[in-house]
Amino acid sequence: MGQWSELPEQFLEAIDERVVLYVDKVRLRSVCASWHSTLPKLPHQKFHQSPCLLLPSRNNSVRTCGLFSPLDKKFYHLELPELAEGRLFIGSSHGWVVTCEDSSSLRLFNPLTRAHLKLPPTSCFPDIEKYYSSDSGYEYALRDYLGHAYTLSARHVRDHFMHKIILSTSPANDCWDYFP
């Protein structure tokens, strides 16, 4: 039987194309010196990873989250002191977490890089007619489907109007933008 280093280059490249995880691509290049020199260098920027399940939790008053990787079948725990008390996890996508404060301000947070991005305020949502910042408890003016006006608190808007937030692309992309 031949040596690993003697595997034809086209087979090695076909294997490399099918490997998904960055860590597995690193491992592939570590098999032997000839594979390391034959395969192209790995980029340091964004790389497609399989999604992890985000599990927010509290642990002894420290904000943490658990990331479950279905491919590794492992849990990874991250402490998140950047997430102040009162912020809720609304969703996650592309490695970013969408959080919302009591005041209904939305923010993207990357738990691995600790990067933050502000999103448009909920007062820009299409259903919101007016926002009264000085009227605590009745900040948002809306209209129902019959045209009747009513007001709601910021907490109510956050808890009942924001069920899911979906990102169509990663905020790390150069072309990323949001639409208020």
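Could you pull out every residue, at least 5 positions away or on a different chain, whose amide H is within less than 5 Å of the one on Ile90? Hs are placed 1.01 Å off N in the peptide plane, and Pro or chain starts have none.
Those qualifying (amide H under 5 Å, at least 5 residues apart or on another chain) are Val98, Thr99, Cys100.
Mind giving me the FRET efficiency for Leu142 and Leu78? R0 is 30 Å, r the Cβ-Cβ distance, nearest 0.05 is fine.
That gives a FRET efficiency of 0.25.
With the crude spin-label approximation of a point 7 Å out along Cα→Cβ, what separation in nm comes out for Asp127 versus Cys32?
Each label point is offset 7 Å from its Cα along the Cβ direction, giving 6.2 nm.
Report, in listed order, any pair from Lys130/Lys164; Lys41/Lys118; Lys118/Lys164 with a Cα-Cα distance greater than 27 Å.
Those over the limit are Lys41/Lys118.
Working out 0.36 nm times the residue gap between Ile15 and Ala115, then minus their Cα-Cα distance, what length gain in nm do you get to one decimal?
Here the segment from Ile15 to Ala115 would lengthen by 32.6 nm.
Sticking with the crude label model, points 7 Å out along Cα→Cβ, report the distance from Val23 to Ser170 in nm, one decimal please.
A separation of 1.7 nm, rounded to one decimal place.
Just so you know, all these numbers are worked out from the coordinates, no wet-lab data involved. Everything numeric here is computed off the predicted structure, so don't read it as measured data. All Cβ positions, even for glycine, are placed from backbone atoms using ideal geometry, and neighbour counts span all protein chains on display.
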